[in-house]
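Participant: Quick one: structure below, then a few questions.
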Amino acid sequence: MTIPKVDKIWQNGKLVNWDEAQVHVLTHGLHYGSGVFEGIRAYETTKGPAVFRLTDHIERLARSAKVYRMDLPYNTDELVKATKEVIKANNINSCYIRPIAFRGYGEMGLNPMAANVDVVIAVWPWGAYLGEEGIKHGVRAKISSYRRNDANTIPPAAKACGQYLNSILAKIEVISAGYDEAILLNVHGDVADGSGENIFVIRNDVIYTPPTCSGALEGITRASIMKIAEDLGYHVKVGKMVRSDLYLADEAFFTGTAAEVVPIREVDDRVIGEPGKVTKKIQEVFFKAVKGEEEKYLDWLEHV
Ligand code: PPE
């Protein structure tokens with residue numbers, strides 16, 4: 001997607017004009033992918049814009065940084081405050097939020113420990129990641145021939161910049177083949193997740209999702225959906241899954257901050273069909289929750 005411009009970006013503690021938020025071409029993170037990032041969304045509510053699980057996202061950013069032994073120059077409270085500040089400065093009611101911390105300019109080579117860490121928080125309007133049609137009628141997914149990074153190669157538990165080359169390979173492979181989204185298996189052949197989403201399947205009214213040890217990111221939407229599904233009375237099981245579990249699902253869907261909740265209509269040309277009743281119910285509660293229309297989940301919203 002082309003990024004729509006807004007006014008300000010938060011860069012290393014200051015609000016700067018969009019066009020002036022620049023880095024040097026010899027930035028460490030540009031050369032080696034040595035950065036960590038988050039994807040967060042703010043939604044319009046009757047009480048003004050609210051960020052969905054902001055603190056949880058910033059805490060995950062800190063965990064990602066820990067994996068790469070990157071010292072963040074700001075603590076969680078400061079980054080939560082900064083996120084609200086940049087939303088306010090842009091006078092925007094609903095947006096996607098992209099905090100990124102990366103090894104900056106000044107050091108080159110594979111020992112990054114001396115490089116300074118830059119932190120940026122940008123916001124912009126971002127509509128349906130896999131399309132409005134996808135949200136309503138489901139997407140066609142294909143299992144990529146690329147395997148999800150192994151935990152002993154590039155840990156999928158962290159959300160690191162360079163690791164997304166893995167998702168990019170998978171995504172361009174299946175898009176070129178005419179599908180909407182890629183599903184990745186891990187090196188052992190178990191289902192991990194989508195290129196930028198977690199995955200759920202439903203069979204006989206039981207909801208299944210792969211464990212993080214299969215290579216799934218510890219998704220914040222995933223956790224929210226598990227809670228919503230349990231509150232609706234469904235059994236949710238976290239367990240290893242193979243490709244035929246996808247083919248034989250009664251229903252399936254992706255979850256993610258950018259993607260939100262997107263039904264899967266087909267996997268590898270095996271038809272699952274139009275979104276089913278469980279998926280639709282979960283989708284409905286999720287979209288109400290993010291907009292502050294579900295009393296039960298109001299504590300997931302952090303008002304700007
Ligand atoms: N798995 C992967 C690989 C992933 O990248 C994401 C988020 C998820 C699962 C879902 O996690 P969560 O957002 O906490 O529910 N992907 C982010 C980046 C997407 C992009 O294209 O960039 C996102 O959704 O913001």
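The values are calculated or read from the model by the stated rules, or taken from the named source; none is laboratory data. Worth saying up front: this structure is predicted, and the values here are computed from it rather than measured. Positions of Cβ are backbone-derived with ideal geometry, glycine not excepted, and every protein chain shown enters the neighbour counts. Surface areas here come from the heavy atoms of the whole protein model, side chains and all, with no ligands, DNA or RNA. Shrake-Rupley method; radii C 1.70, N 1.55, O 1.52, S 1.80 Å.
Participant: List the equivalent ellipsoid semi-axes of region 132-290 in whole Å, largest first, each obtained as the square root of 5λ for an eigenvalue λ of the Cα gyration tensor.
Facilitator: Values for region 132-290, descending: 22, 17, 15 Å.
Participant: Enumerate the amide H contacts of E251 below 5 Å, restricted to partners 5 or more residues apart or on another chain; note that Pro and chain-start residues carry no placed amide H.
Facilitator: I202
Participant: Please tell me which of these pairs span more than 31 angstrom C-alpha to C-alpha: K81/K237; K136/K296; K88/K281; K81/K159?
Facilitator: K81/K237; K88/K281
Participant: First compute the accessible area of the chain with a 1.4 Å probe, then give the percent of it belonging to carbon and sulfur atoms.
Facilitator: 51 percent
Participant: Also, I was wondering about something else. With every protein chain present, what accessible area does C213 have (1.4 Å probe, heavy atoms only), rounded to the nearest 10 Å²?
Facilitator: C213 exposes around 110 Å² with every protein chain in place.
Participant: Suppose all protein chains stay in the model; what accessible area per residue would a 1.4 Å probe give for the chain, in Å²?
Facilitator: 46 Å²
Participant: With no solvent and one equal point scatterer placed on each C-alpha of region 201-304, evaluate the Debye formula and give log10 I(q)/I(0) for q = 0.10, 0.15, 0.16, 0.17 Å⁻¹, two decimals.
Facilitator: For region 201-304, the Cα-only Debye profile gives -0.28, -0.62, -0.70, -0.79.
Participant: If each DSSP helix of 4+ residues adds -39,500 (n - 2.57) and the sum is divided by the residues in the chain, what number results at 222 nm, nearest 500 deg cm²/dmol?
Facilitator: -8000 deg cm²/dmol
Participant: Return the ratio Rg/(2.2 N^0.38 Å) for region 8-124, where Rg is computed over Cα atoms only.
Facilitator: Cα Rg divided by the expected 2.2 N^0.38 Å: 1.07.
Participant: Between L246, G194, L72, whose Cα lies farthest towards the positive end of the dipole of the chain when Lys and Arg beta carbons carry +1 and Asp and Glu beta carbons carry -1, centred on the Cα centre?
Facilitator: L72
Participant: May I ask what percent, to the nearest 5, of DSSP beta bridges between residues of the chain are antiparallel?
Facilitator: In the chain, DSSP labels about 80 percent of beta bridges as antiparallel.
Participant: Dividing the alpha-carbon radius of gyration of the chain by 2.2 N^0.38 Å (N being the number of residues), what value is obtained?
Facilitator: Dividing the Cα Rg of the chain by 2.2 N^0.38 Å gives 0.99.
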